[in-house]
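The values are calculated or read from the model by the stated rules, or taken from the named source; none is laboratory data. The structure displayed is predicted, hence computed values, not measured ones. Here Cβ is always computed from backbone atoms with ideal geometry, including for glycine, and neighbour counts include all displayed protein chains. The protein model used for the area step is the full one, side chains on, heavy atoms only, and it has no ligands, DNA or RNA in it. Shrake-Rupley method; radii C 1.70, N 1.55, O 1.52, S 1.80 Å.
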Amino acid sequence: MTQQYNLPTIHEYPDFDAFGKAFRLTERDLIVTSIYLYRGCVWMADGHDVPLNWKPVAQVMYRDHFGKGEPTDEMVNRMLAKRDELHASVPGGIDRIVAVGGGAILDIAKVLAVAPHGTKDVNDLYANMASLTRQHELIAIPSTCGTGCEVTNISVIFRTPLGTKHGLVSDALYPVHAVLIPEALVRLPYEVFASSAIDALIHATESFLSPLATEETKAQSREAISGILQGFCEVAEDRAALRKLFGHFLHCSMVAGLAFGNAGCGPVHALSFALGGKYHVPHGESCYQYFLPVLRYYKARRPDGERLQELEALLRDVLHAEDGFAALAALLERILPRKPMSAYGAVEADVAAFARSTIDNQQRLLARAYVPVDYEAALAIEAECL
Ligand SMILES: NC(=O)c1ccc[n+]([C@@H]2O[C@H](COP(=O)([O-])OP(=O)(O)OC[C@H]3O[C@@H](n4cnc5c(N)ncnc54)[C@H](O)[C@@H]3O)[C@@H](O)[C@H]2O)c1
Ligand SMILES: [Fe+2]
């Protein structure tokens, strides 16, 4: 019988100390994080200059020791080997995996939680995604406010044989616990905050326009879109306001994750992967590239579409503007000025190559388009972004 996996239980704690007291980690638990986050947030976050009682007990694996940037199959394979080594050396084996990080670390930890012990290559898991089972309970603590990864059943890895990022999807990938700790964002650089929050806004928007949207996911999308835009208005006026909005943005990105976890993302994400993979553009920034061009494409092709009009009405309402899309573009420009694709190194030849790669590799996401995106449409959008 196929095993059923549920959505994670959501917890909120003001700081890591409260989390540690509630979850009582042992030497059989494995923390997966970065050196910076461990030293800067997990360990020292609330002014302690000695490790808090729960932290030194658990095993720790630093992502930095296995590679940089967003996850690749090669990096994940090295981390799988280390997980197996620790599993064999800890009496009783590794029990829970506690991931503290942005989407990159959370996505890696999702694979570590489901890959059967002895797995040599994460690429081997894609053929039978549906049959994956949970090997370790995963506790996911996001340190950015974008991916919503803590409540989704997908892990996005760069696959060398395909030359692009690709989603591994299975309900076994749901974390068991999603833990929101505003303190995790205290040292987040402004640009990472901005691009990750824009990613969350795109999750909410793409799922709102998805053909799979339901009344429930639409309500979640609306909540996330309004919340993120209201937060952006405050931050655009006064950047210091961000300090009191960490919990708010974490909540919004989690709600956007719930929405896209059910209704799915669409062409903005589909288009982002070729650029992100080839020029190592951070996920939020590569999605931002295509966000407004895709909305403009929808509007040009289907101006009277009911859902698009609902979205525009929501934007007008939240942004107190007559033209919702124009106000959205102006606000985003104040939060994070958008660079052309060429600023990341893209050249003329990439336009056709990226369009081709999107059509060939991203049909799962393109199926959720509000207006179908074919090769010609992808080509025109890529050319606009160059
Ligand atoms: N699985 C999903 O549902 C899903 C959804 C969207 C995106 N993703 C994936 O998530 C990844 C992007 O995640 P992201 O936007 O969270 O960024 P990230 O995890 O790539 O982190 C961006 C940078 O910020 C640093 N950082 C993260 N948190 C920090 C903190 N609190 N303080 C200081 N520095 C910090 C990281 O070390 C890194 O250098 C991509 O690989 C993308 O494909 C997954
Ligand atoms: Fe995303």
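A straight Cα-to-Cα reach below 16 Å connects K244 with the aspartates and glutamates E12, D15, D46, E183, E234, residues fewer than 8 places away in its own chain not being considered.
If I compute solvent accessible area with a 1.4 Å probe over the protein chains, what percent of it on the chain is carbon and sulfur? List each step's numbers first, then the result.
On the way: 8200 of 15480 Å².
In the chain, the share of accessible area belonging to carbon and sulfur is 53 percent.
For region 243-256, putting each phi into the Karplus relation 6.51 cos²θ - 1.76 cosθ + 1.60 with θ = phi - 60° gives couplings of 4, 9, 10, 4, x, 4, 5, 4, 5, 4, 6, 5, 5, 4 Hz, in residue order, rounded to whole numbers and with x for Gly and Pro. When the pairs K82/K110; K165/K339; K110/K165 are compared against a 18 Å limit on Cα-Cα distance, K165/K339 fall above it. Straight-line cross-link reach from K218 at under 25 Å between alpha-carbon atoms covers these lysines, not counting any fewer than eight positions away in the same chain: K299.
Angle check, please: helix 103-114 long axis (alpha carbons) against the longest principal axis of the chain (alpha carbons), in degrees 0 to 90, nearest 10. That works out to roughly 50 degrees.
Bridge orientation summary for region 56-168: considering DSSP beta bridges with both residues in this region, about 45 percent are antiparallel.
Filter the chymotrypsin sites (Phe, Trp or Tyr not before Pro) in region 242-320 down to the DSSP loop ones having no more than 16 other Cβ atoms within 10 Å, then list what survives.
Working: sites: F246, F249, F260, F273, Y279, Y288, Y290, F291, Y297, Y298; in loops: none.
Here no chymotrypsin sites (Phe, Trp or Tyr not before Pro) fit, given the DSSP loop and packing criteria.
For region 84-190, the list of GluC sites (Glu not before Pro) that fall in a loop by DSSP and count at most 14 other C-beta atoms within 10 angstrom reads E137. DSSP bridge analysis restricted to the chain gives an antiparallel fraction near 25%, rounded to the nearest 5.
Our note on the geometry: Cα centres of region 84-141 and region 328-348, 35 Å apart. In terms of its Cα atoms, region 260-355 spans 38, 28, 27 Å along the principal axes, sorted from long to short.
Ellipsoid fit via the Cα gyration tensor, region 190-385: semi-axes of 25, 20, 15 Å, each the root of five times an eigenvalue, largest first. From the alpha carbon centroid of region 169-211 to that of region 251-267 is 8 Å. Relative to the dominant Cα principal axis of the chain, helix 375-385 is inclined by about 90°.
Straight Cα distances below 15 angstrom link K120 to the aspartates and glutamates D73, E74, D84, E85, with same-chain residues fewer than 8 positions distant left out. Across all Cα atoms of the chain, the radius of gyration (one decimal) and Dmax (whole number) stand at 20.3, 64 Å.
Over the chain, what is the relative contact order in whole percent, taking alpha-carbon pairs under 8 Å and six or more residues apart? The partial results should precede the final answer.
Numbers: 713 pairs, mean separation 59.4, N = 386.
Contact order relative to length: 15 percent.
Largest first, the extents of the alpha carbon coordinates of region 9-185 on the three principal axes equal 45, 36, 29 Å. Residues of the chain were split at every exposed loop site, defined as trypsin sites (Lys or Arg not before Pro) in a DSSP loop with at most 12 other C-beta atoms within 10 angstrom, and the longest piece left, sites excluded, is 121-386. Residues in the chain average 40 Å² of solvent-accessible surface per residue, probe 1.4 Å, ligands and nucleic acids excluded.
Taking the charge dipole of the chain about its Cα centre, with +1 at Lys and Arg Cβ atoms and -1 at Asp and Glu Cβ atoms, the residue from A99, P303, Y375 reaching farthest to the positive side is A99.
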